[in-house]
1. Using each residue's phi in the range 92-100, evaluate 6.51 cos²θ - 1.76 cosθ + 1.60 at θ = phi - 60° and report the 3J(HN,Hα) Karplus result to the nearest Hz, with x for Gly and Pro.
2. Quick one: which residues, 5+ away or cross-chain, put their amide H under 5 Å from the amide H of Phe181? H built at 1.01 Å from N.
3. Which cross-chain or sequence-distant (5 or more) residues have an amide H under 5 Å from the amide H of Ala35, H modelled 1.01 Å from N in plane?
4. Each residue of the range 167-179 in order: what ³J(HN,Hα) in whole Hz does its phi give by Karplus 6.51 cos²θ - 1.76 cosθ + 1.60, θ = phi - 60°, with x for Gly and Pro?
Amino acid sequence: MTIPGLLLGHGASGTAATMAPWVEGLRERGVTARALDLPRGSAERAAGVFAAALAANRGAGAPLETDAAATPSPPPALSPATALATAPPGTALGGHSFGGRAASLAAARELAEGRPVAGLLLLSYPLHRPGRTDDWPERTAHWPALGCPVLLLSGESDPFARLDLLREAVRRLPRAELVTFPRLGHGLAPVLPRALDLAAAFLRSLAPADG
């Protein structure tokens, strides 16, 4: 069984280094992940980094994947070229907040152009700005195009994602699961072990059946 790897984007105020707990935690759970440095500003511009990462070595035969037979030992460190390579459908996209929005935009574009994305992991998706709940239809306008499996993890007290609106928005996704955490705001650090377990299980579920 080959488990898709994950390219992760950080939040608006972060860097690739801020996603280290996710990269390391997933590797401990037998999933290869790599964080990308995203430009500040628009999520549309940041989506281009995901697209470039997917295109970097497309067809090179070195996807960002994990052989389940090799776990639980963590995989060796990957060179940037190898980590960014993709041989579809071996790579999933995801990210925290701004990085998740950028990943979802990139995934929608890839799928619209006929290039597969294994799955999408959205961590504390910024459905709207705090106090500006009218943002959410625009921020999810591309969601119906996301035909890949999607897992959303969100705090029930997140000021960037009012829970009732998030549940309504998820209906736009053809293949999605939403998991929420009571009394949690914007960020999953307080429930990181549980969130990592859910993310790893999701990525394992994307592995194609042998034979």
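Every read-out reported here was derived from the displayed coordinates using simple, explicitly stated rules and does not represent laboratory data. These numbers come from a predicted model, not from an experiment.
1. Those phi angles translate into 10, 10, x, x, 9, 6, 3, x, x Hz.
2. The answer is Ser154, Gly155, Glu156.
3. Leu8
4. Values, residue by residue: 4, 5, 5, 4, 5, 6, 8, x, 9, 10, 10, 10, 10 Hz.
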